[in-house]
Amino acid sequence: MGKAIVVTSGKGGVGKTTSTANIGTALALQSKKVCLVDMDIGLRNLDVILGLENRIIYDIIDVVEGRAKLHQAIIKDKRFNDQLFLLPAAQHADKNAINEEQMIELIGELKKDYDYVLIDCPAGIEQGFKNSIAAADDAILVTTPEISAIRDADRIIGLIEQTSIQAPKLIINRIRKSMMQNGDVMDIDEITRHLSVELLGIVFEDDEVVRSSNKGNPVVLDPSHIASQGYRNIARRLLGDTVPLMTLKEEKRSFWKKLFGKKN
Amino acid sequence: MNNAVTLKGRKEGFQLILHSSASFEKILEEIKELKVQLKNDTQTGHELNFYVKTGNRELTDSEKKQIEDIIVDDHFSISSFQSDVISIEDALKLHQASRPRLEVRTVRSGQILDAQGDLLLIGEVHPGGTVRATGSIFVIGELKGIAHAGFSGNESAIVLANFRHNAQVRIGGNVHVIEKSEGNSEQSDEIKFVCVNDLHIIEVSPLHDLKTIRPEIGKHSGGLF
Ligand SMILES: Nc1ncnc2c1ncn2[C@@H]1O[C@H](COP(=O)(O)OP(=O)(O)OP(=O)(O)O)[C@@H](O)[C@H]1O
Ligand SMILES: [Mg+2]
């Protein structure tokens with residue numbers, strides 16, 4: 001029996017979809033069998049950044065409404081051999097086309113076949129959010145160091161506390177070293193302490209995220225990128241490894257290493 | 001001398017001609033008289049079949065029913081009603097089915113463009129967008145989303161486009177993903193068409209094979225003849 005983890009944030013655009021794709025890919029690279037579930041009905045993206053958009057035949061709503069069997073809707077990522085799969089969201093349907101009971105049943109089915117089921121939650125706290133958390137065993141909360149994102153993250157923690165899901169684990173995404181070092185934004189410790197949840201990992205701002213998403217290749221595939229390392233560490237921690245946190249200082253060292261090292 | 005209906009013997013049966021200038025009441029009246037007359041004239045056990053020519057008149061279903069009620073019995077039957085005219089609504093339907101629907105637009109992510117019959121799209125189908133037709137689909141522009149021809153099951157429909165992007169083509173219940181991969185020449189900068197072959201397999205073929213593979217394309221009559 002696998003585990004269902006919802007990736008949520010409250011605020012939009014902080015990196016839920018990016019994190020889902022990259023953590024999922026990193027887990028697949030660690031030989032786990034992973035199914036990514038896109039719950040952003042009407043505004044799906046996960047298929048795009050995985051480069052699977054044109055392979056979609058059926059979607060989650062087709063499954064719920066009986067037009068397709070679950071296995072028919074699931075797309076295999078050909079880059080991995082039987083490790084990474086996607087259940088796409090519907091692009092022309094309403095968020096209310098699926099409810100919490102249906103989600104629980106569906107995710108329950110998936111957990112029989114996969115080690116990890118990662119649910120990419122839509123922004124907001126409406127039906128899409130409710131559906132996404134209804135079936136989850138655990139939650140990953142994504143925020144950026146921006147106060148507004150942290151506020152929304154706080155709100156989400158409160159909502160998740162009312163469910164049977166354990167306290168979410170935090171990812172701080174899009175960290176810009178210089179701003180953090182200058183004190184322009186809250187630092188990692190301050191954010192973690194303020195939200196009082198466990199820190200799962202940090203991901204630095206990295207242009208390569210956008211570049212690779214545009215090509216349909218999650219950044220985590222290439223270990224030389226700084227964001228890739230962040231996501232690889234997060235995946236390892238999810239698997240139970242103890243991996244030291246990347247620090248701003250260490251990041252600097254690796255920067256010098258990069259400059260003088262053989263690679264790049 | 002009757003002036004509302006005329007009866008003619010033909011080898012297919014009796015032709016009952018309703019005159020366009022006569023009122024429907026008069027027609028019914030005369031058909032009643034005719035029926036009585038015919039019943040008297042024909043030997044019992046003899047079967048008679050009629051077909052009704054309504055001329056420049058289009059009968060409603062209830063009018064047809066009234067005529068049938070008079071004529072049809074154990075020995076008399078009506079095989080068809082034939083009219084020289086059709087309603088504007090039906091004419092439009094035929095007209096539409098007999099020529100491709102022309103659309104000039106962009107079909108964006110999440111949008112579905114549906115067409116009865118053939119569809120000629122001038123414009124782009126964006127990733128995540130869908131064009132669907134019960135007939136064939138012809139795209140002048142870029143196909144980056146889904147083109148679903150023969151939507152209601154017609155497997156002889158085709159999709160014709162310039163397949164230079166990642167896209168998806170469906171014909172009837174068959175699905176084909178167009179994407180760049182090694183040793184695959186489907187994606188190129190020339191016009192091709194996708195069809196379902198005799199083995200029920202989707203196939204991408206160069207334009208010059210169209211006339212051989214689908215000679216019927218372009219010879220639509222709209223079902224009128
Ligand atoms: N670490 C990063 N460095 C640089 N850019 C990033 C990083 N993480 C995410 N982005 C970019 O931020 C944008 C938003 O990311 P993403 O779509 O993953 O957010 P989201 O939370 O899923 O958004 P939504 O709420 O709309 O679903 C994307 O353009 C993505 O490429
Ligand atoms: Mg998203």
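The values are calculated or read from the model by the stated rules, or taken from the named source; none is laboratory data. Worth saying up front: this structure is predicted, and the values here are computed from it rather than measured. Please note: Cβ atoms are built from the backbone with ideal geometry, for glycine as well, and neighbour counts cover all protein chains shown. Each accessible area value is taken on the protein alone, full model and side chains, heavy atoms only, with ligands, DNA and RNA left out. Shrake-Rupley method; radii C 1.70, N 1.55, O 1.52, S 1.80 Å.
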Worksheet item: By how many nm would the segment from B:GLU29 to B:ARG10 grow when fully extended, if each residue of separation counts as 0.36 nm and the alpha-carbon distance is taken off?
Response: 4.5 nm
Discussion item. Please list, short to long, the whole-number percent of alpha-carbon pairs of chain B in consecutive 10 angstrom bins beginning at zero.
Written reply: 7, 26, 19, 11, 14, 14, 7, 1, 0
Discussion item. Helix A:226-238 against the longest principal axis of chain A: what's the angle in degrees, Cα atoms only, rounded to the nearest 10?
Written reply: 60 degrees
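How large, in Å, is chain A by the Kirkwood hydrodynamic radius built from its alpha-carbon pairs? Before the final figure, lay out each step's value.
Details: mean 1/r = 0.0540 Å⁻¹.
Result for chain A, one decimal place: 18.5 Å.
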Practice prompt. Go ahead and run the numbers for FRET between B:GLU47 and B:LYS211, Cβ-Cβ distance against an R0 of 56 Å, rounding to 0.05.
Written response: 0.70
Worksheet entry | Cβ crowding within 10 Å averaged over residues, with B:205-216, A:11-22, B:18-29, A:235-246 ranked highest first | A:11-22, B:18-29, A:235-246, B:205-216
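Based on the alpha carbons, how large is the Rg to Rh ratio for region A:78-135 when Rh follows Kirkwood?
Numbers: Rg = 12.5 Å, Rh = 12.6 Å.
On the Cα set of region A:78-135, Rg over Rh gives 0.99.
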Fill in: Relative contact order (%) - region A:3-260, alpha-carbon pairs under 8 angstrom, separation at least six
25 percent
Item to complete: For chain B, report the accessible area per residue in Å² (1.4 Å probe, heavy atoms, rounded to an integer).
Response: 56 Å²
Discussion item. In Å², and per residue, what accessible area does chain A have when probed at 1.4 Å with the other protein chains present?
Written reply: 46 Å²
Worksheet item: What fraction of the Cα pairs in region A:162-211, stated in percent, has a spacing above 18 angstrom?
Response: 40 percent
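Can you give the FRET efficiency for B:ILE122 and A:HIS194, using 1/(1 + (r/R0)^6), R0 = 56 Å, r = Cβ-Cβ distance, to the nearest 0.05? Don't skip to the answer; put the middle values down first.
On the way: r = 56 Å, r/R0 = 0.99.
That pair, B:ILE122 with A:HIS194, gives E of 0.50.
Largest first, how would A:MET186, A:MET1 line up by accessible area (1.4 Å probe)?
Working: A:MET186 45, A:MET1 170 Å².
Per-residue accessible area, sorted high to low, gives A:MET1, A:MET186.
Please compare each pair in A:LYS32/A:LYS69; A:LYS32/B:LYS192; B:LYS64/B:LYS219 to a cut-off of 31 Å on the Cα-Cα distance and tell me which ones are over it.
On the way: A:LYS32/A:LYS69 23 Å; A:LYS32/B:LYS192 41 Å; B:LYS64/B:LYS219 34 Å.
Listed pairs above 31 Å: A:LYS32/B:LYS192; B:LYS64/B:LYS219.
Give the shape of region B:5-85 as rounded, prolate or oblate, defined through the alpha-carbon gyration tensor: a ≥ b ≥ c are the square roots of its eigenvalues, a/c under 1.5 means rounded, and otherwise the shape is prolate if a/b is larger than b/c and oblate if not.
prolate
What's the carbon and sulfur percent of region B:93-213's accessible surface, probe 1.4 angstrom, rounded to a whole number? Don't skip to the answer; put the middle values down first.
Numbers: 2990 of 5770 Å².
Carbon and sulfur atoms account for 52 percent of the accessible area of region B:93-213.
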Worksheet item: In a GNM of chain A with a 10 Å cut-off on Cα contacts, which of A:ASP138, A:ASP152, A:ASP184 has the highest mean-square fluctuation?
Response: A:ASP184
Fill in: Distance histogram for region A:1-134 (every C-alpha pair counted, 10 angstrom bins, percent rounded to whole numbers)
14, 50, 33, 3
Worksheet entry | Accessible-area composition of region B:5-85, carbon plus sulfur, in percent [1.4 Å probe] | 47 percent
Fill in: Stokes-Einstein D in µm²/s, Kirkwood radius over Cα pairs - region B:20-140 at 10 °C with 1.306 mPa s viscosity
86 µm²/s
Worksheet item: So what is the relative contact order for region B:134-225, in percent, with contacts set as C-alpha pairs under 8 Å and at least six apart?
Response: 21 percent
Discussion item. Can you give the FRET efficiency to the nearest 0.05 for A:ARG176 and B:LEU199, using r as the Cβ-Cβ distance and R₀ = 51 Å?
Written reply: 0.35
Worksheet item: Roughly how tilted is helix A:147-161, in degrees to the nearest 10 and between 0 and 90, from the longest Cα axis of chain A?
Response: 50 degrees
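How big is the Cα convex hull of region B:93-213 in projection, averaged over all directions, in nm²?
Details: hull surface 29.2 nm².
Here the figure is 7.3 nm², rounded to one decimal.
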Worksheet item: What total accessible area, in Å², is buried where chains A and B meet, using a 1.4 Å probe and rounding to the nearest 100?
Response: 900 Å²
Discussion item. Less than 17 Å apart at the alpha-carbon level, and either on another chain or at least 8 residues along: which lysines does that give for B:LYS8?
Written reply: B:LYS32, B:LYS35, B:LYS39, B:LYS53
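Mind pulling the per residue volume of the convex hull built on the Cα atoms of region A:105-227? Å³ is fine. Don't skip to the end; give the middle numbers.
Working: hull volume 16.5 nm³, N = 123.
Convex hull volume per residue, Cα atoms: 134 Å³.
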Fill in: Residues losing 40 Å² or more accessible surface upon assembly, region A:44-91, compared with the chain by itself, 1.4 Å
A:GLU53, A:ASN54, A:ARG55, A:ILE57, A:GLN91
Item to complete: Could you tell me what percent of the accessible area of chain A is made up of carbon and sulfur, with a 1.4 Å probe and every protein chain present?
Response: 46 percent
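Please list the three semi-axes, largest first and in whole Å, of the ellipsoid equivalent to the protein assembly as shown, using sqrt of 5 times the eigenvalues of its alpha carbon gyration tensor. Before the final figure, lay out the partial values.
On the way: eigenvalues 909, 133, 68 Å².
Taking √(5λ) for each eigenvalue gives 67, 26, 18 Å, largest first.
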Fill in: Per DSSP, loop GluC sites (Glu not before Pro) in region A:105-197 with at most 11 further Cβ within 10 Å
A:GLU126
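Let me check against my output: what whole-number percent is the relative contact order of chain B, with C-alpha pairs under 8 Å and at least 6 apart? Write out the running numbers ahead of the final one.
On the way: 473 pairs, mean separation 23.7, N = 225.
Once divided by the residue count of chain B, the mean separation gives 11 percent.
Could you state the per residue volume, in Å³, of the convex hull enclosing the Cα atoms of region B:156-225?
Values: hull volume 7.5 nm³, N = 70.
Value for region B:156-225: 107 Å³ per residue.
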